[in-house]
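The values are calculated or read from the model by the stated rules, or taken from the named source; none is laboratory data. Quick caveat, the model's predicted, so the values are computed rather than measured. Positions of Cβ are generated from backbone atoms using ideal geometry, with glycine treated the same way; all protein chains shown enter the neighbour counts. The accessibility values were calculated without ligands, DNA or RNA, using every heavy atom of the protein model including side chains. Shrake-Rupley method; radii C 1.70, N 1.55, O 1.52, S 1.80 Å.
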Amino acid sequence: MARGEFRSRGSGSGSGAGAVSGAENLKSAESGKIGKSGKSEKSVESVESGKSVGNVESVESGKSLERVDSVESVGNGKNVEKVRREERAESGKSGKSGKSVESVENGKREKDERIVNNVRSLPLLEEWFHGAVSLEHRQEGIKPWRIPFRDYDLYPPDGIGGKAEICSGIRLRLSTSSSTFALWFEPLAEDASLDCLADGRLVQTLRLAAQSAEARFTGLPPGVKELEIYLPQNTGMTISGLAIDDDAVAELLEDLRPRWVTYGSSITQCVAASSPSRTWPVIAAGEIGYHLTNLGFSGNCLMEPMAGRLIRDLPADLITLCVGVNIYGAVSSSPRMFKPLLIGLLETIREKHTETPMVVISPIYGTERETEENPLGFTLPLMRREIADTVKLLQARGDRHLHYLDGLEWFGTADGNLLTDGLHPGPEGYELLGSRFSGRLAAALQGEMLHQ
């Protein structure tokens with residue numbers, strides 16, 4: 001299916017408190033470009049004795065990346081890494097979203113500006129971040145969330161089972177002439193990957209070890225290009241600094257594509273994808289030309305009331321919900337309560353998205369779950385019937401923009417060899433889900449056209 005083939009009859013987009021909007025925080029700069037000048041922010045120190053922070057390797061070369069920052073020895077024998085971040089100069093605050101920003105000191109460098117190995121800091125702005133629900137400003141930097149972080153306590157346990165801080169689908173976007181892009185962050189809790197896309201094409205994947213705190217993409221295509229840096233789909237990050245080549249410029253890059261919110265389980269979060277940009281939602285978003293917000297919460301797609309409120313309050317031109325398999329596995333709902341929970345979820349979303357195309361997707365093929373009842377008597381075939389019946393009920397009540405997609409038509413019995421454990425697709429399976437999605441979506445919409 002060609003990009004932009006679908007059009008909608010009405011987007012019904014909400015604009016609730018959970019949506020990220022940092023444009024009001026930007027103020028005009030004199031020249032509108034991120035130039036060479038700027039003041040440094042406070043330094044961040046590593047306290048691991050004798051260890052280099054950020055053992056970062058490139059998939060393409062397999063070699064360790066050279067360290068970006070200087071390391072000095074301190075009295076107790078430990079190494080301290082100085083990582084400086086740029087502050088906005090009082091007279092050179094950043095410009096409006098979609099425009100570049102620059103310090104207004106007539107192009108002169110400030111004494112404290114970081115120019116280490118020919119890279120220099122960018123101001124750490126909210127507008128670089130896309131695909132997050134909210135952005136938390138911490139002393140260490142900016143932490144993206146997939147829930148409104150101020151409402152953390154309303155998403156028990158621990159922010160949807162600890163999954164709301166994971167960065168699946170979240171990316172940094174900019175237009176730049178730089179051949180290098182570096183970033184610093186709080187040490188990673190586990191091994192993870194970062195992807196760099198240039199003009200929509202994957203050009204480099206970095207594999208990061210647990211406790212890494214820096215990464216640098218090098219040898220990027222020449223000339224001005226649109227960069228997207230996809231953050232890990234398996235862990236959270238707090239970004240403390242960004243940098244480009246000393247002689248390069250960078251511009252904020254708005255994403256004006258229609259918005260797609262997708263809700264689901266680990267099969268939507270896609271931990272086992274080969275890298276963050278190879279999850280099926282990211283692949284599919286590229287195919288249909290949509291701005292993605294991924295609400296895949298591994299093990300925690302349980303149709304809680306707050307999940308419905310979250311989706312209701314996000315801007316969206318398309319909503320998809322892949323539900324059921326976590327409820328089967330967690331034994332969190334009986335057949336008696338499953339349909340009422342789904343009705344409540346859909347009706348809550350419709351409070352603000354009255355005409356937004358919404359597709360409910362039943363579980364994909366699940367091996368023994370197809371025939372073995374869970375302790376409450378559910379099988380996946382019974383669950384698919386309950387989901388289909390719920391959609392028909394609401395359609396009969398006048399919801400012309402609600403649709404059903406049978407998960408078996410998307411990923412069926414014949415694809416079972418691509419499951420790694422009888423439930424989760426591996427990298428090849430996620431590629432298949434992504435490449436098939438636009439066609440299955442078109443069939444499910446039954447002629448309703450999406451917003452372009």
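Observations on the model:
- Residue count for segment 310-362, restricted to those that are open to solvent by 20 Å² or more (accessible area, probe 1.4 Å), in contact with a His (Cβ under 7 Å, 6 or more places away or on another chain) and over 16 Å from GLY264 (Cα atoms): 1
- Residue ID - nearest to VAL119 (Cα to Cα), chosen from residues in segment 199-219 that are open to solvent by 10 Å² or more (accessible area, probe 1.4 Å) and free of Cβ contacts under 8 Å to residues at least 60 places away in the same chain: GLY219
- Members of segment 220-236 found to be closer than 15 Å to ALA182 by Cβ and surrounded by fewer than 23 Cβ atoms within 10 Å (Cβ to Cβ), listed by number: LEU220
Here is a yes/no grid of residues against (1) outside any helix (DSSP H, G or I); (2) touching a Lys or Arg at 6+ places or on another chain (Cβ under 8 Å); (3) under 18 Å from ILE283 (Cα atoms); (4) open to solvent by 70 Å² or more (accessible area, probe 1.4 Å):
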residue	(1), (2), (3), (4)
LEU394	no, no, no, no
ARG400	yes, no, no, yes
TYR404	yes, yes, no, no
GLU409	no, yes, no, yes
ALA414	no, no, no, yes
ASN417	no, no, no, yes
LEU423	yes, yes, no, no
GLU428	no, no, yes, yes
LEU433	no, no, yes, no
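- Flag for GLU386 being assigned to a helix (DSSP H, G or I), among the charged types (D, E, K, R) and surrounded by 15 or more Cβ atoms within 10 Å (Cβ to Cβ): yes
- Residue tally, condition touching a strand residue (DSSP E or B) at 6+ places or on another chain (Cβ under 9 Å) and assigned to a loop (DSSP other than H, G, I, E, B), over segment 198-246: 20
- Test: residue in segment 369-379 that is outside any helix (DSSP H, G or I), in contact with a Cys (Cβ under 7 Å, 6 or more places away or on another chain) and of a type in the set (A, V, I, L, M, F, W, C): no
- Screening ARG120 against (1) modelled with pLDDT of 95 or more; (2) in a strand (DSSP E or B) leaves a single unmet condition, (1).
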